[in-house]
1. With the condition kept exactly as written, say whether any residue in region 54-64 is at negative phi, open to solvent by 60 Å² or more (accessible area, probe 1.4 Å) and among the hydrophobic types (A, V, I, L, M, F, W, C).
2. Do you know which residues across region 11-40 are under 20 Å from E67 (Cβ atoms) and either of a type outside the set (G, A, S) or open to solvent by less than 30 Å² (accessible area, probe 1.4 Å) (or both)?
3. Sort out which residues of region 13-36 are among the hydrophobic types (A, V, I, L, M, F, W, C) and within 13 Å of K53 (Cβ to Cβ), and write them in order of number.
4. Here are A77, A4: which of them is open to solvent by 60 Å² or more (accessible area, probe 1.4 Å) and at pLDDT below 95?
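The values are calculated or read from the model by the stated rules, or taken from the named source; none is laboratory data. Model, not experiment: these values are computed from the prediction. Every residue, glycine among them, receives a Cβ derived from its backbone with ideal geometry; neighbour counts consider all protein chains shown. These accessible areas exclude ligands, DNA and RNA; they are computed on the full protein's heavy atoms, side chains included. Shrake-Rupley method; radii C 1.70, N 1.55, O 1.52, S 1.80 Å.
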Amino acid sequence: MCLAVPYVIKEISEDGSALAVSNGVEVEVRLDLIETPALGDTVLVHAGFAIQKLDEKESAELADIWEEIHEAEQAAAHA
């Protein structure tokens, strides 16, 4: 099973990479696989590559799901 994590593009470099952030974690990702990346875009990142750009609705839905996962992890840790 593969897991792609949503990140928001914070900075774009001329070499085709970007600095992206998710829940305060910043990573460098490659943008070679998506068309017209822009600052503020939410992208799914797998193995260091942005593999899909999300629209606002998809981004909001995925943010809600990740928040539910985080809350479940916190509850399990305190059980």
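1. For region 54-64, residues at negative phi, open to solvent by 60 Å² or more (accessible area, probe 1.4 Å) and among the hydrophobic types (A, V, I, L, M, F, W, C): absent.
2. Listed by number, the residues that qualify are A20, V21, S22, N23, V25, E26, V27.
3. A18, A20, V29, L31, L33, I34
4. A77
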